[in-house]
Structure formats: C-alpha cells, structure tokens
Amino acid sequence: MESAHSSGGAVHAPLSESEFLRLEADKAKASIGVSLDRAKVALSHGLDPTVPLRRHPLITLVAATAAGFIATVVAVPSKHERALRELERLNRAMHPQPAPSTNGAKPSNGPSEDAKIGLLAYLLKEVLSFARPILVSQITARLKNEAKPADPQRPPA
C-alpha cells in the first residue's frame, strides 16, 4: 500500500493494511445503507394503494374482492376437509398412540404444522410473513406524515 486517495484527490499519509481495510469496510457499510434507503423509498412508492384506486377505482375494487375471495378459499377449510379432520380426531381417540420408547426419541404427534395446511395457504403465509415488515413500515411512515404540522409555504396535495 503506497497511499490512500480521498475522493477530493488529496494524498494522505500511507495507511497500514488494517487501516485501509477498515476504511473500505466503513465505505461499504455506508453504501449499503444508502442502497437500502433508496430501495425502501422506491418500494414505498410502488406500494401506495391510493394511486391505482384514484386512477382505476373499479379495477381496484374487483382486484381487492378477488384477493379477499382467494384468501378466504385458502384460509377456510372446506366441509370435506373439516369432516376428514373430525374423522382423524375420532380415529386417534379410538386408537391412542403407544407409549413412547425408552431410547430417548421424541414421539411424533402426527404431521407437522406445515404439512397440515395446503400449498396455497403455506404460500400465503410466507408472502404475509415477508410483507408484514414492509406494511408496518408503510403504515408507520404514513402516520408520521399525518402527524407532522402542515408546511405553510407548500400547497396541500
């Protein structure tokens, strides 16, 4: 390492390798933070539901209705699924599990929680778990903007 140059072009005293690496790590952290901030702003503009609602109210209403219907179909079990669960519960009541073995293995109490739900319900659960922090940040930002006093020089939107 001969010398490190700043963005202004001035030459500084020679840096040791550890100092140079620390400087580069700090620059990388700062650029990651800027990139994340830009991504959040871009995502917040894309998630604003009022824009399509104002431009295309009927299409937005139909899309929201369809999404609600699909969520209901995925989340609420059919009569057939409820009957199967009831039969399975009765079967387990009539034929209890044998006593656990002494080898220390944990006995299985049937299928796991993820195996009990369907594919669409699982996908919906994953999408909601991914979108939850985004939605919370959007709601928080919206509430902060509403709580700010109006700027007298800026006309209302």
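Only one of the numbered conditions (1) at pLDDT 85 or above; (2) loosely packed, with under 10 Cβ neighbours inside 10 Å is violated by residue 19, and that is (2). Cβ separations smaller than 8 Å between residues 6+ apart or across chains give no pair from the stretch 69-80 residues that are modelled with pLDDT of 85 or more to residues that are outside any helix (DSSP H, G or I) and not hydroxyl-bearing (Ser, Thr, Tyr).
How many of the residues in the stretch 11-52 are over 30 Å from residue 145 (Cβ atoms) and of a type outside the set (D, E, K, R)? First the steps, then the outcome.
Filtering the stretch 11-52 for residues over 30 Å from residue 145 (Cβ atoms) gives 11-28.
Narrowing further to those that are of a type outside the set (D, E, K, R): 11-16, 18, 20-21, 23, 25, 28.
Selection size over the stretch 11-52: 12.
The values are calculated or read from the model by the stated rules, or taken from the named source; none is laboratory data. Not measured: the values here are computed from a predicted model. Note: ideal-geometry Cβ built from the backbone for every residue, glycine included; neighbour counts use all protein chains shown.
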